[in-house]
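Trainee: A single structure is presented below for examination.
The values are calculated or read from the model by the stated rules, or taken from the named source; none is laboratory data. Values in this document were obtained by computation on a predicted structure and should not be read as measured data. Heads up, the Cβs are rebuilt from the backbone with ideal geometry, glycines too, and the neighbour counts pull from every protein chain shown. For the accessible areas, the whole protein counts, side chains as well, though only heavy atoms, and no ligand, DNA or RNA atoms are used. Shrake-Rupley method; radii C 1.70, N 1.55, O 1.52, S 1.80 Å.
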Amino acid sequence: MDIRAAILWEQNQPLSVEPADLDAPGPGEVLVEVRAAGVCHSDLHPARGDWPAKTPLVLGHEGAGIVREVGPSVTRVSRGDHIVLCWAPACGECPPCREGRAVLCDRLEKVTYRNRLPSGASRLHARQQDIAPFLGTACFSSFVVVPEEGAIPIPRDLPFEALATLGCAVLTGVGAVMNAAKVQSGARVAVIGAGGIGLNVIQGAAIAGSDRIVAIDLRPAPLALAQQFGATDTIDGAGDVPPAVRALTGGRGADFVFDTVGTPATLAAAIASARKGGAVVLTGLSRVDSQGSIPMFPFVMQEKRLIGSVYGSGNPAQDIPRLVSLYQDGRLKLNELVSRTYSLDRVNEALDALAASDGARGVIRYE
């Protein structure tokens, strides 16, 4: 079928919005009409050359839409279902899946992280070439073919624009609080970075009943937004962060410090801001060649912990419906996350705005 897609033909060059051809879904696959797609830093990194990527490639990995066609043997979704896209469709059979750690599924390393569908087929084509789908999702296009495990059904009466961010930013941030850190009521939490992930860590900490939530950022606009999502205090990240965190936590430091930025400097600040026995949760993805040095002494004598968290550290097929329920109950903010909307033709403008973002999320809407 004829579609429109934003194609990255070469890294460090603008995306080209142009006609493309999409094959019908194969066994275990579904065709989805994309209605809204979030613009995430994980799209910006391959576009700007921070991560190596084989081109041509269609970016976009958090989105929502409607199932328009199902391939043979599909049982999880039906035509007409409204869905949230999940870029980490687990196989359900490998050791991590059997352990309940679906986001560490062995299949993801073989196909998703190589920008392929589990079937290995190339469904997207343009200029007589196969086009790779970023993270097997490629939702910077009007229609996509994804594995049925990558389409999570949700109620039909919810706005696509709000749901678009569920498939990455919300799941990653809230999941890091609930699944990776297991933050308890009354905890003192510090969050470095108040962008899309950071705001969701903040509201996840608020949902968990944290007593104090300290937001840290270099820019005033994200800090103001953080307070709307539940931050009790804010700190200018240009200053000396660890003493400021200790001053707000009775001189002890935070029980949990979330680094949503992922640089050597922010990681060092996070470790120094955690109390004795506290935990640092790293969700921020750095450049692939970034190296950070950390002080080893506190991990022994102060029993600090360093936890990595990818995609919410849970099971997206279960966690996304749970987050939808929180939204329906008025406990999870989704509409407020969307600060900018664009048509697909303005995708490069959306990426530029993200690079200089003042927080929250840009969303591409498909009419």
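Trainee: Quick check on the chain: helices-only [θ] at 222 nm, where DSSP H runs of length 4 and up contribute -39,500 (n - 2.57) each and the sum goes over total residues. Nearest 500, please.
Mentor: The helix contribution divided over the chain gives -7000 deg cm²/dmol.
Trainee: Given charges of +1 on the Cβ of Lys and Arg and -1 on the Cβ of Asp and Glu, with all other atoms neutral, how large is the dipole of the chain about its Cα centre, in debye to the nearest 20? It would help to have the intermediate numbers written out before the result.
Mentor: Working: 34 positive and 38 negative charges, 188 e Å.
That gives the chain a dipole magnitude of about 900 debye.
Trainee: Mind checking which of Ala53, Gly26, Val67 is farthest towards the positive end of segment 1-70's charge dipole, using Cβ charges of +1 (Lys, Arg) and -1 (Asp, Glu) about the Cα centre?
Mentor: Positive-most Cα among the choices belongs to Ala53.
Trainee: Continuing with the same structure: Mind listing the Cα extents of segment 184-237 along all three principal axes, in Å, largest one first?
Mentor: Principal-axis extents of the Cα atoms in segment 184-237, largest first: 29, 17, 15 Å.
Trainee: Now a separate question. How would you rank 28-39, 208-219, highest first, on the average number of other Cβ atoms within 10 Å across their residues?
Mentor: 28-39, 208-219
Trainee: With +1 on the Cβ of every Lys and Arg and -1 on the Cβ of every Asp and Glu, and nothing else charged, how large is the dipole of segment 229-367 about its Cα centre, in debye rounded to the nearest 20?
Mentor: The calculation lands at about 460 debye.
Trainee: Once amide H atoms are placed 1.01 Å from N in the peptide plane, what residues at a sequence separation of 5 or more from Leu306, or on another chain, have their amide H within under 5 Å of its amide H?
Mentor: Val280
Trainee: Any aspartates and glutamates with Cα under 19 Å of the Lys304 Cα? List them, leaving off those in the same chain fewer than 8 positions away.
Mentor: Of all the aspartates and glutamates, those that pass the test against Lys304 - Cα under 19 Å, at least 8 places apart if same chain - are Asp255, Asp259.
Trainee: Another question, then. Rounded to the nearest percent, how much of the accessible area of the chain (1.4 Å probe, protein heavy atoms only) is carbon and sulfur?
Mentor: Using a 1.4 Å probe with all protein chains present, the chain comes out at 49 percent carbon and sulfur.
Trainee: Between helix 264-273 and the chain, what is the angle of the helix's C-alpha long axis to the longest principal axis, kept within 0 to 90° and rounded to the nearest 10?
Mentor: In the chain, helix 264-273 runs at an angle near 40 degrees to the longest axis.
Trainee: What is the chain's relative contact order, in percent, from Cα pairs under 8 angstrom and six or more apart in sequence? It would help to have the intermediate numbers written out before the result.
Mentor: Working: 911 pairs, mean separation 67.8, N = 367.
Averaging sequence separation for qualifying contacts and normalising by length gives 18 percent for the chain.
Trainee: Give me the angle, in degrees from 0 to 90, between the Cα long axis of helix 316-328 and the longest principal axis of the Cα atoms of the chain, rounded to the nearest 10.
Mentor: Once rounded, one gets 70 degrees.
Trainee: Skip the ligands, DNA and RNA, and give the accessible area per residue of segment 163-252 with a 1.4 Å probe, whole Å².
Mentor: Per-residue value: 33 Å².
Trainee: Just to be sure I understand the model, the point goes 7 Å from the Cα along the line to the Cβ. What's the resulting Ala221 to Met296 distance in nm?
Mentor: Result: 4.4 nm between the two label points.
Trainee: Another question, then. Once you have a ≥ b ≥ c as the square roots of the Cα gyration tensor eigenvalues for segment 246-367, tell me rounded if a/c is under 1.5, and otherwise prolate or oblate according to whether a/b is larger than b/c.
Mentor: Taking the square roots of the gyration eigenvalues as a ≥ b ≥ c, segment 246-367 is prolate.
Trainee: Simple spin-label model, 7 Å along Cα-to-Cβ: Glu93 to Asp21 in nm?
Mentor: 3.2 nm
Trainee: Something else about it: Mind giving me the nanometre distance, one decimal, between the label points for Glu303 and Trp51, set 7 Å out from Cα along Cα→Cβ?
Mentor: Using points 7 Å along Cα→Cβ, the separation is 3.6 nm.
Trainee: Follow-up question, since we're still on this one. Given Phe160, Ala121, Val77, which one lies farthest toward the positive end of the charge dipole of segment 57-197, if we put +1 on the Cβ of every Lys and Arg and -1 on the Cβ of every Asp and Glu?
Mentor: Ala121
Trainee: Next up: Where a Cα-Cα gap under 30 Å defines reach, which lysines qualify for Lys110, not counting those fewer than 8 residues away within the same chain?
Mentor: Within reach: Lys54, Lys182.
Trainee: Sticking with this structure for a sec: What angle do you read, to the nearest 10 degrees and between 0 and 90, between the alpha-carbon axis of helix 196-207 and the longest principal axis of the chain?
Mentor: 60 degrees
Trainee: Something else now. With Cβ to Cβ distances under 15 Å as the rule, what net charge do the other residues near Ala64 carry (K, R +1; D, E -1)?
Mentor: Net local charge, Ala64 excluded: -1.
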